[in-house]
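Remarks on the structure that follows.
The values are calculated or read from the model by the stated rules, or taken from the named source; none is laboratory data. All of these numbers come straight from a predicted model, not from anything done at the bench. For neighbour counting, all protein chains shown are included, and Cβ atoms are generated from backbone atoms with ideal geometry for every residue, glycine included.
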Amino acid sequence: MKTIDKIKTSARASGLPELPVLKKTAVGAAMLGAFFMSAYSGQSAAAVSNVIGGEVERIIVDNPTDRWSRGTMVVAGQNVIIPANMVIDLPANRQTIQELFANAPSACPDTNGDTVPDQTGLAKADSCNGSFTGAAVTILANKTNAGDVIAGEVFLEKATELVSGIVSFINYDEGYFRVDGIVGDDTTGAMVRINDPEGRFTHQAGAGCAGSGPNCSADVRYGVDPDNYTVTASTGYPMCIPSTFARTYDFDVNRDGAIDPGPAETGLIAQDDGTGTQDSLCPPGNRGVDPVGDSRLFAPIQLGDHVNAEGNFETIGGTTFLSAHTVGVSVGLTTDDDPFQPDYMIFDEVGWDIPGFQNQRVRDLLIAFGSLGTTQIDVFGLYYDPANNAVEELVFATTAGCEIAAGAGTCTNQGIVGNAAVFKIVHDVDFIVGVPIDARQSPCAHLNAAYLNGGIPDVNGTFVTVDPKGRCTGGITLADEFEVLSPPTRDLIGRSRHKHALDASVVTLDFHGQPSQNGEYLNPVGLGHPEFVEINLNALQTPFIFAGIPWNMDRRLSPGGGCDGEPECDTAIAIGDASMALDPFPFSDLDPGTQNGGIGALGATPVVTGYILQRNRPLSYWPLTPTEILPWPPADPAAQGITPTQHADLVCSILSGLDTDGDGVDDAIDNCTLVANADQRNTDGDLFGNICDADLNNADPVVNLSDYSLFRSAFGANVLTAPLTPAEENADFNGDGSVNLSDYSIFRSSFGNAPGPAGVIAP
């Protein structure tokens, strides 16, 4: 399983929304008010917060060959600096700004030959962006004293488009479905393709595939999470689309713990008959029964299902469809409490207060759904060792301990019907001396109860009865409670207790018969920045404290550690190297250790005594000891130089009103201005429509002998029959379904010439 490089859709945890505000108890309200006044009276930071949202007009990377290069986004009339070493959150992925270019679709040009496209296809100004609209972005930034806007968190969606309704048609040959059309009609309703490059849930072919990535991916950056499933039933159970495509696999059919030789269990072939009822790797036996028939296999999406599909609309080869990174099927599939039957889970909400805890508290909120109501879950933060970049897990939440400390049903069985479960954990540590924490909201109470009653399983399933960090020992103080929840992690992983009870032989198979995960789920941490309307109405401009987010200070704490073998950050000597922090840093001029109402010369919080000063705790490395402290403060950046905003020209301003070929498409946006092609068919995804594009190799700007060789190989092909080579698809210039003499005539007339002309060529 990949555990450190993915993020879920914004509806689950974008990392940008604030943690939901929970009302404070009446106890200690007067003391909190006093702390607020002492903490925020006379605040005088030079920086101010800046929240930017809207359509991306331009994206610029300073060094296209450096994965960690800085860059610029133009959004809402502002030039926003994207610092070096920043990782940008996408709905089910993470990328640096350079990777947005490096992983751009093939239609985006590379004019300088450095193997990195010149455009991302996400900006309104990009010639390879056929939508003429920019991606949707939300940026949390600080504006420095010099006037520069520097990002600290970025969430980038290609679009915010949602299709919700009833599945009315499923194409089992080509791997897509339609929503809210006439039942059984492939021409009505919204067409949905799951953006599934690794083929975890589907096999895809046919309409909408030409010119795209693996398994018909229109854009691999906005694909599903293949390991922490984003195509699921309401309970987190993974879903699939039955297929007529044949797959060979091995499977322990009789559940005896071994795969027997012979056709009964080895070399099995999964292939549907076109009805959606015969695919043994996406079996109908996992629908219509409770619990499912065999939870080692995914469950099929079926006609009549209600779905919510999130993604963005694409048009490829004249076919328009929703390219979905997330599909939720409104059915509560459950699993059996059996050692040969795995369970599944998914996080719905994850939130964690960000250091410096200006709301006088640290809280988290975890809501997860599961397929097995009799299990418990444990939640671990993922921390990085600065010496070797290794990721390690540290438990901070457990429903089993919550149930023991606060009563049965406190953190499980939150109202869902049947065998499925809703898990809800809320920790609340208010910095009020002498005020005990309710057992339902106490992280220490939960951990101690679990350790004393059988222990908490580690990553290997071994039940540990003593906390590895010595937390929550002796008389529990607020300092102990705080220690569990600080510092926050970028990712957490939930794991069911049932997973540890499975027979060792159990293997979960995905749609293609490949091993896949069960019983656990990785999710990004949604950071909760303080809402100053609750603190000081004269300080709403207070800057974000990005220095309190540990991975901003050292990119080894980013997904994958951020080093990839680079010696400058894989050695202990490099610990604290400022070159690995965000650069320029979105400076706040606020020390995260002194923002919570601290008193005394060192700013120690009243609740944190005897272990480590609170001012250091938010900046702690793993192993979270007093000696492992990130460098402070980050450098106050020099003026970057404010330049004029590089607005993208609006498409409507360039429409000429001319339609030379009379096909109903204005010359200014026509991909073939001299030959009529109302459908704008463009199977290779470049800037020219098929009808005037005989440049089959796309390696040079002229139709030549190399292209003739490709045309000869494609001649006679039936384009309506899959699978096809790119040349076979692209050589059907007139779109009549076959490569024939008509296409040869077009090729002859194009020989020696450049493709086009087109009105959408790059400026």
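Structural remarks
- Among the residues of the stretch 225-249, just one is more than 28 Å from the chain's Cα centre (by Cα), closer than 15 Å to P515 by Cα and either of a type in the set (V, I, T) or modelled with pLDDT under 95 (or both), namely T248.
Let's see how each residue does on (1) at pLDDT 95 or above; (2) among the hydroxyl-bearing types (S, T, Y):
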residue: D260; (1), (2): no, no
residue: D305; (1), (2): yes, no
residue: N308; (1), (2): yes, no
residue: T315; (1), (2): no, yes
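- Residue check for S323: part of a strand (DSSP E or B), closer than 15 Å to I241 by Cβ and either without any contact (Cβ under 8 Å) to a residue 40 or more places away in the chain or out of contact with any helix residue (DSSP H, G or I) (no Cβ under 6 Å at 6 or more places or on another chain) (or both): yes
- Selection from the stretch 717-752 of residues that are in a loop (DSSP other than H, G, I, E, B) and in contact with an Asp or Glu (Cβ under 9 Å, 6 or more places away or on another chain): A717, V719, A722, A731, D732, F733, N734, G735, D736, V739, N740, F751
- Candidates V484, V466, V459 - the one that is in contact with a His (Cβ under 8 Å, 6 or more places away or on another chain) and assigned by TED's automatic domain parsing to the domain that holds I367: V484
- Condition broken by V506, with the remaining ones in (1) within 29 Å of the chain's Cα centre (by Cα); (2) over 30 Å from N215 (Cβ atoms); (3) among the hydrophobic types (A, V, I, L, M, F, W, C) satisfied: (2)
- Selection within the stretch 252-273 - closer than 19 Å to G199 by Cα and in a loop (DSSP other than H, G, I, E, B): Q271, D272
- Checked against the criterion of being modelled with pLDDT under 90 and in the same structural domain as A450 (by TED's automatic domain parsing), the candidates F357, F396 yield just one match: F357.
- Scoring V675 on the criteria (1) buried (at least 19 other Cβ atoms within 10 Å of the Cβ); (2) without any contact (Cβ under 8 Å) to a residue 40 or more places away in the chain leaves a single failure, condition (1).
- Total residues in the stretch 278-304 satisfying the condition of being surrounded by fewer than 19 Cβ atoms within 10 Å (Cβ to Cβ), in a loop (DSSP other than H, G, I, E, B) and not charged (D, E, K, R): the figure is 6.
- Candidate set from the stretch 305-338 (those that are hydrophobic (A, V, I, L, M, F, W, C) and over 24 Å from P284 (Cα atoms)); member that is surrounded by the fewest Cβ atoms within 10 Å (Cβ to Cβ): F313
- Residue within the stretch 216-224 that is of a type outside the set (G, A, S), over 30 Å from S496 (Cα atoms) and in contact with a Cys (Cβ under 7 Å, 6 or more places away or on another chain) present: yes
- Test: N690 is closer than 22 Å to S131 by Cα, crowded, with 16+ Cβ neighbours inside 10 Å and under 36 Å from the mean Cα position of the chain (by Cα): yes
- Within the stretch 504-558, tally of residues that are of a type outside the set (S, T, Y) and closer than 26 Å to I377 by Cβ: 23
- Residue check, G199 assigned by TED's automatic domain parsing to the domain that holds F313, assigned to a loop (DSSP other than H, G, I, E, B), in contact with a Lys or Arg (Cβ under 9 Å, 6 or more places away or on another chain) and buried (at least 20 other Cβ atoms within 10 Å of the Cβ): no
- Unique residue being among the aliphatic types (A, V, I, L, M), more than 27 Å from the chain's Cα centre (by Cα), surrounded by fewer than 18 Cβ atoms within 10 Å (Cβ to Cβ) and at pLDDT 90 or above when the list is V433, V464: V464
- Of the residues making up the stretch 492-530, those that are in contact with a helix residue (DSSP H, G or I) (Cβ under 8 Å, 6 or more places away or on another chain), more than 16 Å from D343 (Cβ to Cβ) and crowded, with 24+ Cβ neighbours inside 10 Å number 2.
- Inclusion of T244 among residues that are touching a residue at least 60 places away in the same chain (Cβ under 8 Å), assigned to a loop (DSSP other than H, G, I, E, B) and crowded, with 24+ Cβ neighbours inside 10 Å is not warranted.
- Residue ID - farthest from L527 (Cα to Cα), chosen from residues in the stretch 150-162 that are β-branched (V, I, T) and crowded, with 22+ Cβ neighbours inside 10 Å: I150
- Only strands (runs of 3 or more DSSP E) whose full extent lies in the stretch 92-189 are considered here, and none of them has at least 1 residues that are at pLDDT below 95 and out of contact with any strand residue (DSSP E or B) (no Cβ under 9 Å at 6 or more places or on another chain).
- Failed item, numbered, when P488 is tested on (1) at pLDDT 90 or above; (2) more than 30 Å from A400 (Cβ to Cβ): (2)
- Being at pLDDT below 95, buried (at least 18 other Cβ atoms within 10 Å of the Cβ) and not in a helix (DSSP H, G or I) holds for only one residue in I7, I81, and it is I7.
- Residue check, G600 farther than 22 Å from I82 by Cβ, touching a helix residue (DSSP H, G or I) at 6+ places or on another chain (Cβ under 8 Å) and either modelled with pLDDT under 80 or not hydrophobic (A, V, I, L, M, F, W, C) (or both): no
- Selection status of M73, part of a strand (DSSP E or B) and either more than 19 Å from A141 (Cα to Cα) or aliphatic (A, V, I, L, M) (or both): yes
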